[in-house]
Structure formats: C-alpha cells, structure tokens
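K.L.:
Mind having a look at this structure? Questions to follow.
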Amino acid sequence: MSRSVLISGGNRGIGLAIARHLAAAGDRVAVTYRSGEPPEGLFAVQCDITDTEQVDRAFGEVEKEHGPVEVLVANAGITKDQLLMRMSEDDFTSVLDTNLTGAFRLTKRASRAMLRAKKGRVVLISSAVGLRGESGQANYAASKAGLVGFARSMARELGSRGITFNVVAPGLTETSMSGQLSDEQLEGMKSQIPLGRLARPEEIAAAVAFLASDEASYITGAVVPVDGGAGMGH
Ligand SMILES: NC(=O)c1ccc[n+]([C@@H]2O[C@H](COP(=O)([O-])OP(=O)(O)OC[C@H]3O[C@@H](n4cnc5c(N)ncnc54)[C@H](OP(=O)(O)O)[C@@H]3O)[C@@H](O)[C@H]2O)c1
C-alpha cells in the first residue's frame, strides 16, 4: 500500500505523529508546515491554510512529487482562548478561518483529484472540546463542532463517488498545544479522564490511520473520539 497522503500541520505534534505512522506503513507522505521547520525525512511544503493560493500551490507541489492526493488529513489548527467578554472578533474569526475554513480549502482542492479517481479518504481532526464545549474556548469549540457538520455534509455529497469523510476528536493530547495549560489546569482535566492521563500523539495517529485504511471502507460520516473515555463516546 503506497498512497499519496497529505497532512496539514505535519511538522509537529499530532500531525507529525500521523505522518510518521503512515510513512512507516509505506505511504508516500507529504506534510505542510507554516512557521516551523520542515520535519526530517518527509516531503514538506510550506503552506498557510488561510490562503487559498498557498493551498493550491502546495497541492501542485505534492502532485508533482507523489501524484494526486488520495488521502487528506486536515490536521492544522490553532487556539486563541479567551472568555467571551474579552474575545475580540479577530480572535473568533481567525480561529474559524484556520480550523474550519482551512479544512474547507484543503478538502475542496483535494476533492478534484479524488472525484476523478472515484475514491479518496478524508480525515478531519476535530476535538473533544467541539463536542462538549469549554469555557474560554467558544471560538475553538465552534470551529471544531463545525468540522462535524462539514464532514457529514461531505459524506452525503460525495459518498456515491467513493470518498469517505470522517472526524477524529482527540481529547487532551501531549503536544505544545496542551503545553500552554498550567499544571493546575492539567490536573483538573486529568481528573475528568477515566484513563487518568493525556493522549500520546501516536494514539491519535492510530485512529486516523485506521479511518484512512482499506479496512475502514464502509465507515463515513463518523466521529471517533480518542479521549481516554472523557466523553464516553460523544
Ligand atoms: N493537543 C491537544 O490537546 C489537541 C486536542 C484535541 C484536538 N487537537 C487538534 O489536533 C490538531 C493538531 O494539534 P497539535 O496539538 O498537534 O497542535 P500543535 O502542536 O500546536 O501544531 C499545530 C500545527 O498546525 C499548524 N498550523 C497552525 N496554523 C496554521 C495555518 N494557518 N496554516 C498551516 N498550518 C498551520 C502548525 O504549523 P507551524 O508549526 O508551522 O506553525 C502546526 O504544524 C489541531 O487541529 C488541534 O486543534 C489537539
């Protein structure tokens, strides 16, 4: 199995773990990075997913190197946490623009070749916060909940063309994103998780790899929580 795979935000954290997992399984993996460094040993293209032209150019580079993208993992995302009263309109719209509209830009561009091939796998990285909400994260939760409606609409729209769309909703995971939390916040959150710890990025990657695999050929429109039981399946 060697498919052309593109992972947004694949230079660190969860995206890099997904990239390493799929590359180890034999796929031709490309990652996008924005401000950081490209990861060693992976084909990387620079791309800010808030810019449609950059998304188009990145796909062009990947297509030249690896062929049309067969598996898209829309992983890049940001937080700009703030209580509603202090949240600026830019805090809200910039998070939506990256997390939700960014996924739309990537999916739209990827669907061209997938429609031609009459097959494709799209996995969108949401968050447990998108399903249950979180104080101080109205922008982030709205963007991540939006991915569920987006994926399910796509699953209906393009299911007959052999393209599946699924969502992975990680709980708190050991990356620089969760590193922004204080020890006190982390302890409070861990106490709500039946498995009593944060996820490792590799554990999110394993779920993504399954949904992107042939074994998951009859799964579409699903939301798979990988959250240590925090949401009990929701
Ligand atoms: N960590 C958690 O606890 C957790 C829990 C649930 C869901 N998630 C979700 O999982 C995904 C990955 O999170 P993570 O924890 O691995 O985050 P991370 O370590 O902060 O990495 C975020 C990635 O997104 C990229 N990115 C951000 N804005 C971008 C933009 N405008 N254009 C292109 N790339 C952009 C970053 O690129 P640069 O490094 O180049 O800036 C980086 O590669 C995110 O969607 C996040 O919301 C994370």
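The values are calculated or read from the model by the stated rules, or taken from the named source; none is laboratory data. In this text the structure is predicted, and so the values were computed from the model without any measurement. Counting neighbours? That spans all protein chains shown, and the Cβs are built from the backbone with ideal geometry, glycine included. Protein only, heavy atoms only, side chains kept; ligands, DNA and RNA dropped before computing areas. Shrake-Rupley method; radii C 1.70, N 1.55, O 1.52, S 1.80 Å.
K.L.:
Right, PHE92: over 21 Å from GLU202 (Cα atoms) and open to solvent by 60 Å² or more (accessible area, probe 1.4 Å) or not?
P.N.:
Spelling it out, PHE92 is indeed over 21 Å from GLU202 (Cα atoms) and open to solvent by 60 Å² or more (accessible area, probe 1.4 Å).
K.L.:
Can you find a residue in segment 134-150 that is aromatic (Phe, Trp, Tyr), touching a helix residue (DSSP H, G or I) at 6+ places or on another chain (Cβ under 9 Å) and over 24 Å from GLY67 (Cβ atoms)?
P.N.:
Within segment 134-150, one or more residues are aromatic (Phe, Trp, Tyr), touching a helix residue (DSSP H, G or I) at 6+ places or on another chain (Cβ under 9 Å) and over 24 Å from GLY67 (Cβ atoms).
K.L.:
Checking LYS64 against (1) more than 21 Å from ALA205 (Cβ to Cβ); (2) open to solvent by less than 70 Å² (accessible area, probe 1.4 Å), which single condition isn't satisfied?
P.N.:
For LYS64, the exception is condition (2).
K.L.:
Pairs only if they're at least six apart or on different chains, beta carbon under 6 angstrom, first in segment 60-77 and among the small types (Gly, Ala, Ser), second in a loop (DSSP other than H, G, I, E, B) and within 16 Å of the ligand (Cβ to nearest atom); list them, first residue then second.
P.N.:
From residues that are among the small types (Gly, Ala, Ser), the pairs are ALA74/SER8; ALA76/SER8; ALA76/GLY9; ALA76/ILE49.
K.L.:
Quick one: would you say ARG28 is among the basic types (Lys, Arg) and under 15 Å from the mean Cα position of the chain (by Cα)?
P.N.:
no
K.L.:
Another one. Checking ALA24 against (1) crowded, with 17+ Cβ neighbours inside 10 Å; (2) without any contact (Cβ under 8 Å) to a residue 24 or more places away in the chain; (3) small (Gly, Ala, Ser), which test does it fail?
P.N.:
It is condition (1) that ALA24 fails.
K.L.:
Being surrounded by fewer than 18 Cβ atoms within 10 Å (Cβ to Cβ) and among the aliphatic types (A, V, I, L, M) is the requirement here; does LEU83 meet it?
P.N.:
yes
K.L.:
Whether any residue in segment 182-192 is within 16 Å of the ligand (Cβ to nearest atom) and closer than 18 Å to ASN75 by Cα is what I want to check.
P.N.:
Checked against the condition, which is being within 16 Å of the ligand (Cβ to nearest atom) and closer than 18 Å to ASN75 by Cα, segment 182-192 yields no hits at all.
K.L.:
Check ASP227 against each of (1) open to solvent by 40 Å² or more (accessible area, probe 1.4 Å); (2) charged (D, E, K, R); (3) touching a residue at least 12 places away in the same chain (Cβ under 8 Å) and name the one condition it does not meet.
P.N.:
(1)
K.L.:
In addition: Does SER135 fit the bill of being over 26 Å from GLU215 (Cβ atoms), part of a loop (DSSP other than H, G, I, E, B), within 12 Å of the ligand (Cβ to nearest atom) and open to solvent by 20 Å² or more (accessible area, probe 1.4 Å)?
P.N.:
So SER135 fails the test.
K.L.:
Pairs please, first residue from segment 86-102 and among the acidic types (Asp, Glu), second anywhere and assigned to a helix (DSSP H, G or I) and buried (at least 17 other Cβ atoms within 10 Å of the Cβ), Cβ atoms under 7 Å, 6+ apart in sequence or on different chains.
P.N.:
Correct list of pairs: ASP91/ASN139.
K.L.:
Based on this model, can you work out whether ALA169 counts as within 11 Å of the ligand (Cβ to nearest atom) and farther than 22 Å from ARG86 by Cα?
P.N.:
Judged against the criteria, ALA169 is a match.
K.L.:
Oh, and also: GLY179 fails exactly one of the following numbered conditions: (1) touching a residue at least 40 places away in the same chain (Cβ under 8 Å); (2) outside any loop (DSSP other than H, G, I, E, B); (3) open to solvent by 30 Å² or more (accessible area, probe 1.4 Å); (4) within 12 Å of the ligand (Cβ to nearest atom). What is the number of that condition?
P.N.:
Unmet condition: (1).
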